[in-house]
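What follows is a short report on a single structure.
FYI, it's all coordinate maths here, none of it is from the lab. Predicted model, so just to flag it, every value in this text is computed and none were measured. Reconstructed Cβ throughout: ideal geometry from the backbone, glycine too, with neighbour counts over all protein chains shown.
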Amino acid sequence: MTAPANWTNAFPFLTPEAGHMMTQLPALYEEWNAQINVISRKDMEGIWERHIIHSLCLGGIMPHRPGLRILDIGTGGGFPGIPLAIAFPHVHFTLVDSIGKKIKVVQAIVDALGMSNVTALHARGEQVPGPFDVVVTRAVAPAQTLMAWTRKSWSKNPNAALYALKGGDLKDELKGLKAKCFPLSDIVEGEFYTTKYVVRIPANVR
């Protein structure tokens, strides 16, 4: 679970401090995963590629101005929210999941790293009223469902939008939405990323 060589090169927004904090994540997840299974063994072995780097691909595409409020729906064990919150300490993140044991792990890791810009909630995404400027998510639900869940969550920010990590053929799923897809292969190298995207959907399509 050693970090890939030069892994920070794809993410110029990372400070040295953030990069150092990121390297602490594998050991923390390994410790907690032994108690509460939130990441599969295969994914645990590939935590850098499949979780940390994958999450950070959002960082160069989504806005992250200081003071923005970001919601991570279906965060699971804390992805993409925890890596993004490490990267952008001046942005507040609310990480939500309907499975309590996963939020327990999220809270434990947030506490271990001394992060003050994260709120972890055991709830469903549609139960968190906001307001939020940005919503992020990863492989949680179809795009139309995500937009329905978040229809009451948005701030009055004219640039409010959903940024979803998705993969595969998205043509049918995104039909009728003003979606824009950003290939992850333009950001990082590796077969894992060849059919994966960041999908941006503006809040005003609701």
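Values as computed for the structure displayed
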item	result
Average Cα contact separation per residue, the chain, under 8 Å, 6 or more apart, as relative contact order %	18 percent
Charge dipole (the stretch 32-86, unit charges on Cβ, about Cα centre) - positive-most of I73, I36, H51	I73
Computed [θ] at 222 nm, helices only, for the chain once each DSSP H run of length n ≥ 4 contributes -39500 (n - 2.57)	-6500 deg cm²/dmol
Simple spin-label estimate for N9 and I61 in nanometres, 7 Å along Cα-Cβ	2.2 nm
Amide N proximity, the stretch 171-206 versus K42 label position 7 Å along Cα-to-Cβ, cut-off under 14 Å	192
Residue (of T119, P83, W149) at the positive-pole extreme of the chain, dipole from beta-carbon charges	W149
Positive-pole candidate from I103, G60, F132, dipole of the stretch 11-205, charges at beta carbon	F132
Spatially close lysines, pair count over the stretch 94-206: Cα under 19 Å, gap of eight or more or interchain	11
A148/D186 FRET efficiency (R0 22 Å; Cβ-Cβ; nearest 0.05)	0.15
Length added when fully stretched, K171-N204, from 0.36 nm per residue minus Cα-Cα	9.9 nm
Electrostatic dipole magnitude of the chain [Cβ: Lys, Arg +1; Asp, Glu -1; Cα centre; debye, to 20]	880 debye
Label selected from (1) 50, 38, 28; (2) 42, 34, 30; (3) 131, 27, 22, the criterion being Cα extents along the principal axes in Å as computed here	(2)
